[in-house]
1. Under 5 Å between amide hydrogens, which residues at least 5 positions from K150 or on another chain qualify, with H placed 1.01 Å from N in the peptide plane?
2. Taking a cut-off of 17 Å between Cα atoms, list the lysines near K122, but don't count ones fewer than 8 places away on the same chain.
3. From the phi of every residue in the range 154-166, what ³J(HN,Hα) in whole Hz does the Karplus formula 6.51 cos²θ - 1.76 cosθ + 1.60 yield, where θ is phi - 60° and glycine or proline is x?
4. Given H placed 1.01 Å from N in the peptide plane, which residues other than close sequence neighbours of G102 have an amide H under 5 Å from its amide H?
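What follows draws every value from the coordinates through simple rules; no lab data is involved. As the structure is a prediction and not an experimental result, all values here were calculated from the model.
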Amino acid sequence: MSQASNPESTTVMRDFISKLKLRQSLAETEMTSSDNPTQTTVDQTATGATEEIAYPVQVYVYDISHGLARIYSQTILGISLDAIYHTSVVVYGKEYYFDQEGVVAGVPQFTRFGKPQQVLNKGNTYIPQEIFEEYVDSLKTELFAFGKYKLFENNCNHFTNNTLGFLNDKALDAHIMNIPDIVLNSPNGAIIQQLFSGGSFM
């Protein structure tokens, strides 16, 4: 997991995985106690139910300042920033992200953010889509529920980092995750925090 993961995020993920393992264990127990477990196993193999499928995982990176951060950050913050990053996770043919509306799933490159500035390849996941969707649904009611967006403490990049950790134990790049700390520790960080606390750059 990323060094930027917060304890609440890690707890939510662990709780979901524990529930998933319990459910699988109960299903396996039910299967082995059925009248014809041998036939069940053969049928699963024959239909390919036990075959693992690799799903590519990508991160779309956007500069929501549209180049203005590079021009004005030194004047406003007293430090230079290349961009103000928004990220999303792309997997199973969908683009998932978190903003002030909550968790959103859309068609890649056809969300309100348009085409990404950069695409980061994050390997593959072997988790079935329905399991991931179930995990995302749990996030919608907890850590990344509507109204839980916080510009510096719980934003789109925290969501991306969390879902990467679930999909294949990857992490979002540090130079993106560390932007809030860099901004808040800048000469004008306290003023910026007061201006944008609980808000959005969008």
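1. N155
2. List returned: K94, K170.
3. Coupling constants for the range 154-166: 8, 10, 4, 6, 5, 4, 4, 4, 5, 5, 4, x, 6 Hz.
4. The answer is G147.
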